[in-house]
Amino acid sequence: MKTAQSKYIFVTGGVASSLGKGIISASLAKLLQDRGFSVTIQKLDPYINIDPGTLNPYEHGECFVTDDGAETDLDLGHYERFLNIRTSQDNNVTTGRIYQSVIDKERRGAFLGKTVQVIPHITDEIKNRIQRLGNKGIYDIVITEIGGTVGDIESLPYIEAVRQLHWELGDDNVAIIHLTLVPFLAAAGELKTKPTQHSVKFLMQSGVQPDVLVCRTDRPLSESIRRKIALFTNVKLGNVIASLDAETIYDVPLLMQAEQLDKVILNKLNLPKGNDPKLIEWKAFLDKFKHPKDTIKIGLVGKYVELHDAYKSIHESLIHAATYNQLKLDIKWIHSEKLSDAKIISALKDVDAAVVAPGFGERGVPGKMTALKYARENNLPLLGICFGMQIAAIEFARNVLGLSDADSTELNPETKEPVISLLENQKLDLLGGTMRLGAQTCRLEKDSKVYKIYGTETISERHRHRYEFNNKYLDRFEQNGFKVAGRDTKTNLVEILELQNHPWFITTQFHPEYKSTVLNPHPLFVDFVKTAYQYKNK
Ligand code: GLN
């Protein structure tokens, strides 16, 4: 259904970060989607970077990439995985981007001699970005998640933009959800509501009254606690929602349905409720997730493994694929930088398959090389992604083709055997936004494994890298059993290298993990897990 005017839901956070605004937003969107509304979600990030493309994963976790080549916050990955829809550059806006466009306009003289200020110029730009999605005319509901925590200096213009939009669009068209924490104090033996009271007060000082409170807690909220919270915050009792810690993020839509978050929101927005969400396929997924027939143990080799968020999409894709095969994923994080070669090998002896993660720069490369060599020589099913493919090519060139100097020019600009290198037209000196980014089409070789796996000749996958396989070495690779199984349809660049005479050794220049969703698990991951399981039981 498409209602006349898009309705806007804002999700703010208080008390602490990491309460799961992204998952709550995605879960609410899922429930509304199941009721027949077309919904999208947007994330506003208050930091000054233009996008997270140049950020170290330790800062905010992985950088998610959309079809249109936007480098975005990892929450967009959750949105796509939950909703099974595509997001775009418009779904993630940072303060850096807001200021960049206001300053560009100022330089062009667009403000006609006026003093350019946070209010109204920055707030107007924020409001534009929020409404850009609604103005596309395809969404009944736009959910906008505001990053950070209420009270942060840098979030103030966003809260002010929400206040203004609420007035401009009218009370029926805007709902405000505030996510807070209700901690249990062991010494007092009680749940404490004061942090929530303070956080709502802070929001109200900025002129924003939340309609709904979602209270993150590790135990049920009693009626009297809910009453107390409602009393102190001007929020209706029925609009105080508990969000209990869940076994899996994929339970959260059902938990929010049980708390009637979707109904509360539809009442607020004066929208017809229609039928209650059935979430049939979603529940089928959860049923398999909770009743696995066996376990599959997969090693993930990377240099940021201590921060699991750095590999969020890969981890979730493996969960989707394991669940699809009715297996429980037991992931083993293998540090490619801190572990010795012997430790990496002994970790690999203990898994059914391994993934070699993407990455940049030389740290952790020798460890990844050790893992790839071990998997190649010992028939361990292996998926190499992006840098994982490039290092696999270097390892193969060195140890099979005998090119001892083989390298990537990213790692050794002077190498005599640049198996991986920059294309001539790519030699740029800017780091931000200059990579090969976003969806590109690839043609698969008919006699390859990947062709059977995808079941189609042309595929579209997302990229995020600067360096490429050097076609000068292609014949030698193929003659020695590392086959080019996919090429870019326009440039002929190598997109997939597939090892012959191995149960499953596939490496891709693109990132398949960005396209796996709960309802559409990615075929490469599904086949990888399936084959690894079969091979383990041989
Ligand atoms: N560092 C490599 C490149 O820039 C690979 C990037 C990646 O793994 N995403 O090409």
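What follows is calculated from the coordinates using simple rules that are stated; it is not laboratory data. The shown structure was predicted, so the numbers you read here are calculated from the model rather than taken from an experiment. Don't worry about glycine lacking a Cβ; one is built from the backbone with ideal geometry, like all the others, and counts go over all protein chains shown.
For segment 275-367, just run the numbers: alpha carbon Rg, then divide by 2.2 N^0.38 Å, N being how many residues it has.
Normalised by 2.2 N^0.38 Å, the Cα Rg of segment 275-367 equals 1.30.
Using only the alpha carbons, work out the radius of gyration and Dmax of segment 418-538 in angstrom.
Cα only, segment 418-538: 15.4, 51 Å (Rg, Dmax).
Which residues among segment 132-168 fall inside the zone where the amide N is under 16 Å from a point 7 Å beyond the Cα of Lys263, along Cα→Cβ?
none
Tell me, how many Å apart are the Cα centres for segment 197-262 and for segment 304-375?
Segment 197-262 and segment 304-375 have Cα centres spaced 38 Å from each other.
Set the Förster distance to 35 Å, then compute FRET efficiency between Phe111 and Met204 from the Cβ-Cβ distance, nearest 0.05.
On the way: r = 32 Å, r/R0 = 0.91.
Efficiency for this residue pair is about 0.65.
Any idea which of Gly147, Thr248, Gln479 is furthest toward the positive side of the dipole for the chain, if Lys and Arg beta-carbons carry +1 and Asp and Glu beta-carbons -1?
Farthest towards the positive pole: Thr248.
Order of 386-396, 339-349, 85-95 by packing, highest average Cβ count within 10 Å first?
Working: 386-396: 25.7, 339-349: 15.2, 85-95: 20.6.
Per-residue Cβ counts within 10 Å, averaged per peptide and sorted highest first, yield 386-396, 85-95, 339-349.
Eight or more residues apart or on different chains, and alpha-carbon atoms under 22 Å: count the Lys pairs in segment 84-241 matching that.
Value for segment 84-241: 12.
Please give the FRET efficiency for Glu457 paired with Thr491, using the beta carbon to beta carbon distance and R0 = 22 Å, rounded to the nearest 0.05.
According to the calculation, E is roughly 0.80.
Excluding Ala406 itself, what net charge comes from residues whose Cβ is under 12 Å from its Cβ, given Lys and Arg +1 and Asp and Glu -1?
Values: positive: Arg398, Lys416, Lys472, Arg476; negative: Glu395, Asp405, Asp407, Glu417.
Net charge in that neighbourhood comes out at 0.
Which ordering of Glu498, Glu362 is given by a fewest-first count of other beta-carbon atoms within 10 Å?
Numbers: Glu498 22, Glu362 13.
Final ranking by Cβ density, sparse to dense: Glu362, Glu498.
Taking +1 at the Cβ of each Lys and Arg and -1 at the Cβ of each Asp and Glu, which of Gly438, Ala406, Ile453 sits farthest along the dipole of segment 363-465 towards its positive end, judged by Cα position relative to the Cα centre?
Ile453
Kindly state, as a whole number, the per residue volume in cubic angstrom of the convex hull around the alpha carbon atoms of the chain.
Convex hull of Cα atoms, per residue: 168 Å³.
Let me spell out the model: positive unit charges on the Cβ of Lys and Arg, negative unit charges on the Cβ of Asp and Glu, origin at the Cα centre of the chain. What dipole size does that give, in debye rounded to 20?
On the way: 67 positive and 67 negative charges, 203 e Å.
Computed charge dipole of the chain: roughly 980 debye.
Evaluate Rg over Rh across segment 1-140, taking Cα atoms for both radii and Kirkwood's formula for Rh.
0.99
Which Cα, out of Trp333, Ser346, Asn379, lies furthest along the positive dipole direction of segment 265-381 (beta carbon charges, K/R +1, D/E -1)?
The Cα lying farthest towards the positive end belongs to Trp333.
Distance in nm between label sites at Ala187 and Glu362, each 7 Å beyond Cα in the beta-carbon direction?
Between Ala187 and Glu362, the simple spin-label model gives 5.1 nm.
Which FRET efficiency value, to the nearest 0.05, is calculated for Asp405 and Arg86 with the Förster distance at 45 angstrom and r the Cβ-Cβ distance?
0.60
Roughly how far apart, in whole Å, are the Cα centres of segment 25-77 and segment 498-529?
Using only Cα atoms to place each centre, the spacing works out to 23 Å.
Determine, for each peptide in 270-281, 317-328, 228-239, the mean count of other beta carbons within 10 angstrom over its residues, then list the peptides with the highest first.
317-328, 228-239, 270-281
Determine the relative contact order of segment 120-239: mean sequence separation of Cα pairs under 8 Å and six or more apart, normalised by residue count, in whole percent.
22 percent
Taking Cα atoms of segment 360-468, Rg/Rh with Kirkwood Rh, to two decimals?
Numbers: Rg = 15.3 Å, Rh = 15.6 Å.
Here the Rg-to-Rh quotient is 0.99.
With labels modelled as points extended 7 Å from the Cα through the Cβ direction, what inter-label distance (nm, one decimal) is found for Asp475 paired with Asp104?
If labels sit at Asp475 and Asp104, their model points lie 4.7 nm apart.
If the label point is 7 Å along Cα→Cβ of Glu337, which residues in segment 381-406 have backbone nitrogen under 18 Å from it?
Of the residues in segment 381-406, 387-388, 391 have backbone N under 18 Å from the label point off Glu337.
Determine, for each peptide in 18-24, 37-43, the mean count of other beta carbons within 10 angstrom over its residues, then list the peptides with the highest first.
37-43, 18-24
Any idea what the dipole of segment 362-485 comes to, in debye rounded to 20, about its Cα centre with Lys/Arg Cβ at +1 and Asp/Glu Cβ at -1?
So the magnitude is around 360 debye.
Which of the aspartates and glutamates could a cross-linker bridge to Lys312, judged by Cα under 12 Å and excluding same-chain residues fewer than eight apart?
By straight Cα distance, Lys312 reaches Glu62, Asp73, Asp75, Glu513.
Pairs of alpha-carbon atoms within less than 8 angstrom and 6+ residues apart define the contacts here; what relative contact order does the chain have, in percent? Provide the component values of the computation, followed by the final result.
Values: 1084 pairs, mean separation 80.2, N = 538.
Dividing the mean separation by the residue count of the chain yields 15 percent.
For segment 177-304, what log10 I(q)/I(0) values come out of the Debye formula at q = 0.12, 0.14, 0.21, 0.23 1/Å, with one point per alpha carbon and no solvent?
-0.61, -0.77, -1.20, -1.34
Output the antiparallel fraction of DSSP beta bridges having both residues in the chain, as a percent to the nearest 5.
Expressed as a percentage, antiparallel bridges in the chain total about 35.
With the cut-off at 22 Å, report for segment 243-322 the share of all Cα pairs above it, as a whole percent.
45 percent
For a footprinting-style exposure proxy, rank Leu44, Leu28, Leu422, Leu493 by other Cβ within 10 Å, fewest first.
Result, fewest neighbours first: Leu422, Leu493, Leu44, Leu28.
Mind sorting Glu306, Glu80, Glu316 by how few other Cβ atoms lie within 10 Å of their own Cβ, fewest first?
With the sparsest Cβ surroundings first, the list reads Glu306, Glu316, Glu80.
Just to be sure I follow: if Rg is taken over the C-alpha atoms of segment 132-205 and Rh is the Kirkwood radius over the same atoms, what is Rg/Rh?
We get a ratio of 1.08 for segment 132-205.
Measuring from label point to label point, each 7 Å out along Cα→Cβ, what is the Ser17 to Lys290 span in nm?
Here the modelled spin labels are 3.3 nm apart.
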